[in-house]
Amino acid sequence: MSEEVFLIQGGNSLSGELKVEASKNAYLPILASTILCDGNIEFLNVPDFSDIENMCEILKVLNVKIKRENNFLSVNTDSVVNAKISHELTAKLRASIFLLGALLGRFRQAVISYPGGCKIGTRPIDIHLKAFRSLGVKIVEKHGYIYCNAGNMKAGKVVFPSVSVGATESLMMCAALLEGETILYNVAKEPEIKELERFLNQMGAKIRGSGTDTIRITGVKKLTGGEFSVFPDRIIAGTYLILGSLCGKNLHISNFKKEDNEFLLNILKETACDFKLKNDNIIVTAQKRNPSYKFVETLPFPSFPTDLQPQFMVMETLAKGTSVIKENLFENRFNQTMELTKMGADILVKDRLAIISGVEKLFGADVYASDLRAGAGLVIAGLMAEGYTTLHNIHFIDRGYERLEEKLKGVGADIKRVQIE
Ligand code: EPZ
């Protein structure tokens, strides 16, 4: 069976410009929420990520009309129908769960299979379902499907037991067209939630409070169409920034939103990385060898993001000294460790802790991406390693990075996508 892999030869310095694409994790809920709107919606900066393509495939099953030309995507929901969403469709991405909130908002009924996505932990959806139930949605879970009836759904108060990005977004969608005021307490504060609020409000919704602990949604009768562009992806930006801190030589990262990457920037300041910020641009030059950053733990925004943890682990692998990472969000998010060890890293994992003793060098090896961000981390490791790395399972990377090898080649990296038997 043939397979696409990245062949990487490490050791090059990177210079030139890398432009950050629009945010995957903002686009996914926004695309799902188009079901709530009437008329035409035109998105102007849609990146070529396979997760976005898979979300569009599900929308097409609901008879949403989608036209795509390069980064332009138009969505028309005039003939949207309420169809059962099969496991075959939901298995491809976690974000399929957003369809549940959107369908309940529009049709007051939905049948959907459990979401799939990157295997970084058990990733339950109990918080979403409990919140729907608290507004009066009747839910039956049977034979791998979730049957929801929101005939008696009423606006009200929802108190999330713990912070969930997806559950916050699900409830924003389901309440946007619900008569009365719905108040969500203990919500996630991720920038992608602000972006969903901005989109829905631009289409006529009345939502306020994103970025704080409480979101208030006053239901409206109808949402319209319009034109929209999504903000830059903070995880791609962070990935490029980590790469620049290791092998950048005046590496220019454009379309960079400083306020969404403050935590990482502060770490880089402390580890003496050389960077210059100007408006939406940052220019990074690597130092000889960064000192290690003693301890970081992944937590909801504005703390350190779990989606940058594997890339950060690579940075610490090459730092001078020992560092500890605590992964609080997902129980299987140290999957890259084994692969980095093959490349010469010295990492000890104990439950939620990874203890990293920095090494001077990594060596190229045959390694496997287990998920999207672990894959991004291994690309960085390959670019820093001596010799050749063959990186397998790169379809994971295509979920949230657009032709990464071409972008990196453009700034001097020796990386290519090849088909092997
Ligand atoms: C979003 O996932 C992102 N995905 C993830 O990005 C990101 O890692 C995560 O938020 C955390 O920042 C999208 O936006 C599409 P959560 P989500 O609900 O919404 C637990 C990437 O690489 N939980 O905030 O699924 C959960 O297990 C991806 O781009 C429950 O227990 O994350 C986790 O420990 C991967 N029950 C914590 O809450 C629930 O019902 C936070 O998860 C929901 C979540």
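The values are calculated or read from the model by the stated rules, or taken from the named source; none is laboratory data. Owing to the predicted nature of the structure, the values given are computational and were not obtained by experimental measurement. Please note: Cβ atoms are built from the backbone with ideal geometry, for glycine as well, and neighbour counts cover all protein chains shown.
Under the condition of being within 16 Å of the ligand (Cβ to nearest atom) and assigned to a strand (DSSP E or B), which residue from the stretch 143-171 is nearest to Arg108 (Cα to Cα)? Show your work before the answer.
Kept after step one, since they are within 16 Å of the ligand (Cβ to nearest atom), are these residues of the stretch 143-171: 146, 148, 158-171.
Going one step further and asking which of them are assigned to a strand (DSSP E or B), we end up with 146, 148, 158-159.
Numbers: Ile146: 14, Cys148: 8, Val158: 18, Val159: 21 Å.
That would be Cys148.
Provide a single number: the residues in the stretch 1-34 that are outside any helix (DSSP H, G or I) and either out of contact with any strand residue (DSSP E or B) (no Cβ under 8 Å at 6 or more places or on another chain) or of a type in the set (A, V, I, L, M, F, W, C) (or both).
To start, the set of residues in the stretch 1-34 that are outside any helix (DSSP H, G or I) comprises 1-23.
Those still in the list that are either out of contact with any strand residue (DSSP E or B) (no Cβ under 8 Å at 6 or more places or on another chain) or of a type in the set (A, V, I, L, M, F, W, C) (or both) too: 1, 5-8, 14, 18, 20, 22.
Summing the residues that are outside any helix (DSSP H, G or I) and either out of contact with any strand residue (DSSP E or B) (no Cβ under 8 Å at 6 or more places or on another chain) or of a type in the set (A, V, I, L, M, F, W, C) (or both) in the stretch 1-34 gives 9.
Select from the stretch 85-99 the residues that are assigned to a loop (DSSP other than H, G, I, E, B) and either more than 8 Å from the ligand (Cβ to nearest atom) or not assigned by TED's automatic domain parsing to the domain that holds Asp51 (or both) and write down the one among them that is modelled with the lowest pLDDT.
Filtering the stretch 85-99 down to residues assigned to a loop (DSSP other than H, G, I, E, B) leaves 86, 91-93.
Filter again for either more than 8 Å from the ligand (Cβ to nearest atom) or not assigned by TED's automatic domain parsing to the domain that holds Asp51 (or both), leaving 86, 91-92.
Working: Ser86: 91, Ala91: 88, Lys92: 84.
Per the stated criteria, the residue is Lys92.
Output the residues belonging to the stretch 258-291 that are at pLDDT below 90 and hydroxyl-bearing (Ser, Thr, Tyr).
Once the filter is applied, which keeps residues that are at pLDDT below 90 and hydroxyl-bearing (Ser, Thr, Tyr), the stretch 258-291 yields only Thr271.
Among the residues of the stretch 35-52, what is the count of those that are under 21 Å from Ile193 (Cα atoms) and either without any contact (Cβ under 8 Å) to a residue 60 or more places away in the chain or assigned to a loop (DSSP other than H, G, I, E, B) (or both)?
Result for the stretch 35-52: 6.
If we scan the stretch 191-213, do we find a residue that is among the β-branched types (Val, Ile, Thr) and more than 21 Å from Cys37 (Cα to Cα)?
Of the residues in the stretch 191-213, the ones among the β-branched types (Val, Ile, Thr) are 193, 207, 212.
In the following step, the residues that additionally are more than 21 Å from Cys37 (Cα to Cα) were identified as 212.
Looking through the stretch 191-213, at least one residue is among the β-branched types (Val, Ile, Thr) and more than 21 Å from Cys37 (Cα to Cα).
Take the residues in the stretch 172-188 that are away from the ligand (no atom under 11 Å from the Cβ) and touching a Phe, Trp or Tyr at 6+ places or on another chain (Cβ under 8 Å); name whichever of them is farthest from Asp38 (Cα to Cα). Break it down stepwise before answering.
We begin by selecting, within the stretch 172-188, every residue away from the ligand (no atom under 11 Å from the Cβ); these are 172-186.
Those still in the list that are touching a Phe, Trp or Tyr at 6+ places or on another chain (Cβ under 8 Å) too: 173-174, 184-186.
Values: Met173: 14, Cys174: 16, Leu184: 25, Tyr185: 29, Asn186: 30 Å.
If we take residues in the stretch 172-188 being away from the ligand (no atom under 11 Å from the Cβ) and touching a Phe, Trp or Tyr at 6+ places or on another chain (Cβ under 8 Å), then Asn186 is farthest from Asp38 (Cα to Cα).
Would you confirm whether any residue within the stretch 281-293 is within 16 Å of the ligand (Cβ to nearest atom) and surrounded by fewer than 24 Cβ atoms within 10 Å (Cβ to Cβ)?
Filtering the stretch 281-293 for residues within 16 Å of the ligand (Cβ to nearest atom) gives none.
No, because not a single residue in the stretch 281-293 is within 16 Å of the ligand (Cβ to nearest atom) and surrounded by fewer than 24 Cβ atoms within 10 Å (Cβ to Cβ).
Name the residue, out of Ala345, Ala376, that is within 26 Å of Lys288 (Cβ to Cβ), touching a helix residue (DSSP H, G or I) at 6+ places or on another chain (Cβ under 9 Å) and away from the ligand (no atom under 16 Å from the Cβ). Explain how you work it out, then say what you get.
Details: Ala376 fails: away from the ligand (no atom under 16 Å from the Cβ).
The conditions single out Ala345.
One residue is enough: does the stretch 131-142 have a residue meeting the conditions closer than 17 Å to Ala176 by Cα, within 9 Å of the ligand (Cβ to nearest atom) and without any contact (Cβ under 8 Å) to a residue 60 or more places away in the chain?
Residues of the stretch 131-142 closer than 17 Å to Ala176 by Cα: 131-137.
From what is left, the residues that are within 9 Å of the ligand (Cβ to nearest atom) are 131.
Pick out the ones that are also without any contact (Cβ under 8 Å) to a residue 60 or more places away in the chain and you get 131.
For the stretch 131-142, residues closer than 17 Å to Ala176 by Cα, within 9 Å of the ligand (Cβ to nearest atom) and without any contact (Cβ under 8 Å) to a residue 60 or more places away in the chain: present.
Here is a yes/no grid of residues against (1) under 29 Å from Leu308 (Cα atoms); (2) away from the ligand (no atom under 16 Å from the Cβ); (3) surrounded by fewer than 20 Cβ atoms within 10 Å (Cβ to Cβ):
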position	(1), (2), (3)
Ser74	no, yes, yes
Gly101	yes, no, no
Leu104	no, no, no
Leu129	yes, no, yes
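If I go through the stretch 300-334 residue by residue, how many of them are more than 16 Å from Leu265 (Cα to Cα) and surrounded by fewer than 22 Cβ atoms within 10 Å (Cβ to Cβ)?
Start the filter on the stretch 300-334 by keeping residues that are more than 16 Å from Leu265 (Cα to Cα), which leaves 300, 310, 314, 317-334.
From the residues that got through so far, the ones that are surrounded by fewer than 22 Cβ atoms within 10 Å (Cβ to Cβ) too are 300, 319-322, 324, 326, 328-332.
Qualifying residue count for the region: 12.
Taking the criterion of being crowded, with 18+ Cβ neighbours inside 10 Å, aliphatic (A, V, I, L, M) and under 21 Å from Lys407 (Cα atoms), would at least one residue in the stretch 260-267 satisfy it?
No, because not a single residue in the stretch 260-267 is crowded, with 18+ Cβ neighbours inside 10 Å, aliphatic (A, V, I, L, M) and under 21 Å from Lys407 (Cα atoms).
Pick from the stretch 348-373 the residues that are in contact with a strand residue (DSSP E or B) (Cβ under 9 Å, 6 or more places away or on another chain) and within 15 Å of the ligand (Cβ to nearest atom): which of them is nearest to Asp233 (Cα to Cα)?
Filtering the stretch 348-373 down to residues in contact with a strand residue (DSSP E or B) (Cβ under 9 Å, 6 or more places away or on another chain) leaves 348-349, 352-369.
With within 15 Å of the ligand (Cβ to nearest atom) added as a condition, the list becomes 352, 369.
Working: Arg352: 26, Ala369: 21 Å.
Going through the qualifying residues, I end up with Ala369.
Could you check, for the stretch 305-325, whether at least one of its residues is among the charged types (D, E, K, R), in contact with an Asp or Glu (Cβ under 8 Å, 6 or more places away or on another chain), within 16 Å of the ligand (Cβ to nearest atom) and not in a strand (DSSP E or B)?
Of all residues in the stretch 305-325, those among the charged types (D, E, K, R) come to 307, 316, 320.
Still in the list and also in contact with an Asp or Glu (Cβ under 8 Å, 6 or more places away or on another chain): none.
The answer is no; no qualifying residue exists.
Kindly indicate whether Arg333 is among the basic types (Lys, Arg), within 15 Å of the ligand (Cβ to nearest atom) and outside any helix (DSSP H, G or I). Outline the logic, then answer.
Details: among the basic types (Lys, Arg): yes; within 15 Å of the ligand (Cβ to nearest atom): yes; outside any helix (DSSP H, G or I): yes.
The answer is yes for Arg333.
Output the number of the condition that Val349 fails; it satisfies all remaining conditions of (1) surrounded by fewer than 19 Cβ atoms within 10 Å (Cβ to Cβ); (2) in a helix (DSSP H, G or I).
(2)
For the condition assigned to a helix (DSSP H, G or I), in contact (Cβ under 8 Å) with a residue 40 or more places away in the chain and under 30 Å from Tyr185 (Cα atoms), what is the one hit in Ile235, Ile215?
Details: Ile215 fails: assigned to a helix (DSSP H, G or I).
Of Ile235, Ile215, the one residue that is assigned to a helix (DSSP H, G or I), in contact (Cβ under 8 Å) with a residue 40 or more places away in the chain and under 30 Å from Tyr185 (Cα atoms) is Ile235.
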